[in-house]
Every structure is written in structure tokens, then in C-alpha cells.
Amino acid sequence: MSDTADNWPILAEPELAGPPTGRRKLDSDAVAAELFAAHYGRLAGWCRRLLDDDDTSHEIAMEAFTRLIVRLRKVEDPVGYLYVIAANLVRDHWRKTRREREILRHSKHTYTAAVGEAEFRERDLRSLVEKLPDRLRVTVLLYYYAGFPLADVARLTNRPAGTVKSDLFQARAQLRQALDGAR
């Protein structure tokens, strides 16, 4: 089975009527376990690419699953919900560590020699993506980093596909301009 969003299994939500019973609790647990088994590795890997930190990536992926499990019966698209929550948690992490990144930017020459120019460019691009406005950043993260098709990005962000295309165009233009200015 491919990892594309089109091939992800559609999971039925447990019934909501009446007080919780042991059977419905087991159904919810089974759905949560199936989701975790099917998507944890990919979500943690996606976070790892964004953060370049294994421990934090796993913490964010676990937090996203924890938040999903609390709302599992209310969420229409659990996989999309996981990625949106993870994107928000990554953004929060970026905000918390902004000062550390500023120190690294000031010591660019030492840092570049230590990790190599290619890795520095990737980190520099990631830093530029962090600075994009929220609507552009989330669209870029879902489309380019998580690999969601355009239609899924539109659905997850509650915007028309044309608006998502426009956001991607604007984001690429801003990133290109920033990268050209850095040279």
C-alpha cells in the first residue's frame, strides 16, 4: 500500500449515542491503535524533517496523537487532524527556540564550516519557511513537507483549491526572493 493520502484507510467513527459502554470503548481503542500503527512513523518522520531533532519530533508526534485520541469521535479526518496539530506544535516549537536560532545565524561562518554548505542551505530554507505568514506556512508544510495532494490541503485548511494554489505560488515567490537576497 502506498503512503499517499489517497490510499489511507477510511476509519469509521464509533457511535456517539448513549452513555459509553465497554464495547464502544474497545472500538475507540482499536481505531486509535490502528491509526497509531499506520501513521505514527510517517508523522514522526515528517516532524523530524522539519525540526532536525529526533526527541522533539517524537514528542510532537505523540502529543498530536494524544490530542487526536481525546477528540477521536469528533474528528472527521483523523490523519489530516494529526498533521494540522503537528504543524501547529512545530510552529510553537519554532517560536520557543527562536533565540537559539538567532545565535546560530550570527555565527554562520563557524556553523557552515562545521556542518557543510548543503546542510546549512536546508536549515536556512527551513528558517525561511518558518517566517512565512501562517496561511502560507501551513500550506507549504502540508503540501511540500507532508506530501498531501492539493485537494487534501484545500480540505484540511478549509480553503478552495484555487486559493491553495495561489498560496503556494506566493510562498514560492517569497522564498525565492529571500534566497536570492541571501546570496
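The values are calculated or read from the model by the stated rules, or taken from the named source; none is laboratory data. Worth saying up front: this structure is predicted, and the values here are computed from it rather than measured. Every residue, glycine among them, receives a Cβ derived from its backbone with ideal geometry; neighbour counts consider all protein chains shown.
Where in the range 53-130 are there helices (runs of 4 or more DSSP H), lying wholly inside it, with at least 1 residues that are at pLDDT 90 or above? Show your work before the answer.
Values: elements: 54-71, 78-96, 98-106, 108-115.
Output list reads 54-71, 78-96.
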> Which members of the range 138-183 meet the condition of being surrounded by fewer than 13 Cβ atoms within 10 Å (Cβ to Cβ) and assigned to a loop (DSSP other than H, G, I, E, B)?
Replying inline: 158, 160, 183
>> Regarding the range 62-80, can at least one residue be identified that is in the same structural domain as residue 30 (by TED's automatic domain parsing), among the aromatic types (Phe, Trp, Tyr) and within 17 Å of residue 157 (Cβ to Cβ)?
In response: no
